[in-house]
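The block underneath contains the structure these notes are about, expressed in structure tokens.
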Amino acid sequence: METTPKDTAKLLPRILYHHRTQGRGGEGVHIREVIRALRKLGCEVEMQEAPGVDAMSASETQAVPARREASARLHSRVFKYLSQHAPQLVFEIAELGYNLWAWLPLSRRLRRERIDILYERYAFFSFIGTWLARRRSIPSVLEVNEISGIERTRGQAMPGLAQRIEVAVFNRAERILVVSSFLKDALVERGVERNKVHIIPNAVREDMLAGDKRPGKKMRVGLGLEDRTVVGFVGQIAPWDRLDLLIEDVASLLSDLPDLHLLIVGPCRFMDELQHQVDSLSLQHAVTLTGPVERNEVAAYIDTMDICVLPHSNPFGSPIVMFEYMAMGKPVLAVDVGPVNDVIDDEVNGCLFPTGDRQAFRQRLKALVADPALRKRIGRQGYEDVRARHTWHRNAERILEIMRDIV
């Protein structure tokens, strides 16, 4: 019997997506792109969010909901203040308190609406979603991007309690999605069944795939970099990116590579410190710090670069910018942490160097600068791999396949 569009629609699960984030930065990108891709596949996806948050209409740096009530604004401001200023113990108590707030709206929706799947982005101390779903016999898919007990920028005051809650939440979920093999191995070590954990790294929008498009040509001229070999970094700059070391490395290579130029693109809370470093090393002619740029300009800035670098990354997260570099056909020189190794095969679709080995980084960078043919080959293979396996559309297809197995 031939399947009609109406029959196909019935096969698509109706999803309630629940998250506790503020919808900003990389987590906001992930949420928006996955939901958009699932909707393009025909899924009906509803959102359950923290007060005052509308991730689907947020920019990448600030949540800007289309509609807000005064109470929602107040909740958002309070949580933001606690996140930035409260002692860690107080903040974690507030995280636990979120379960009380979320209980009523989640329970109402799961009871009154036809929900086939609860799709939840895991957050520390958040247990209410999977608990309510299990009570309503609704299968849940949990998206896990970090776990307690691993090194992170923000410490933990109650790691033992966080891990006990995690064990219960992970065991309740029918399927768990992680962005790296590191996270899958860590969950299995904590007793989670291996076959219910699926690795789905981050991805890139299909409109970022450059192909033969060269949006950075005019920008390169405007920046005065026509005759330079441009090494670049793009991102929301944080201390763990260690761009101070990247600046030092470029400075050390200029005597051998006088045409080398470092382009750093993105917002940074300590930009004055980086600029002071550039000035103190007399690198104004060799380093450009752009500061914040519009999201629609990112592709052009990446295209301005000859070599894209990822000088440092944590061992569990999947860097979205790595996929954006590759989508633009650029050779990537990256640190060899697990989530990067999940995607990059050394000297095939990128180049790797050992974590903390600055000498190796400089040697690999010099080799790429000296060999345009190698850069072109690696960049092209990276582009082909991202196009085939690492778009948000492909991720959504995999997520939908997993959901269909449990509905």
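General observations
- Residues of the stretch 7-38 classified as in a helix (DSSP H, G or I) and in contact with a helix residue (DSSP H, G or I) (Cβ under 9 Å, 6 or more places away or on another chain), total: 14
- Within the stretch 185-235, being in contact with a Ser or Thr (Cβ under 8 Å, 6 or more places away or on another chain), in a helix (DSSP H, G or I) and closer than 27 Å to Lys40 by Cα holds for one residue alone: Glu206.
- Subset of the stretch 156-168 [over 26 Å from Ala86 (Cα atoms) and of a type in the set (Val, Ile, Thr)]: Val167
- Restricted to the stretch 290-366, the set of helices (runs of 4 or more DSSP H) holding at least 3 residues that are within 18 Å of Arg205 (Cα to Cα) comprises 298-304, 320-327.
- Test result for Arg205, among the basic types (Lys, Arg) and under 25 Å from Gly329 (Cβ atoms): yes
- Count of the stretch 173-189 residues which are farther than 15 Å from Val340 by Cα and of a type in the set (Lys, Arg): 1
- Residue that is closer than 23 Å to Gly356 by Cα, under 29 Å from the mean Cα position of the chain (by Cα), surrounded by fewer than 20 Cβ atoms within 10 Å (Cβ to Cβ) and not charged (D, E, K, R), where the choices are Leu245, Leu281: Leu245
- In the stretch 147-163, residue nearest to Pro201 (Cα to Cα) [restricted to those that are buried (at least 17 other Cβ atoms within 10 Å of the Cβ) and at pLDDT below 90]: Ser148
The values are calculated or read from the model by the stated rules, or taken from the named source; none is laboratory data. Because the structure is predicted, anything quoted here is derived from the model rather than measured. Because the Cβ atoms are built from the backbone with ideal geometry, glycine has one as well, and the counts that use them run over all protein chains shown.
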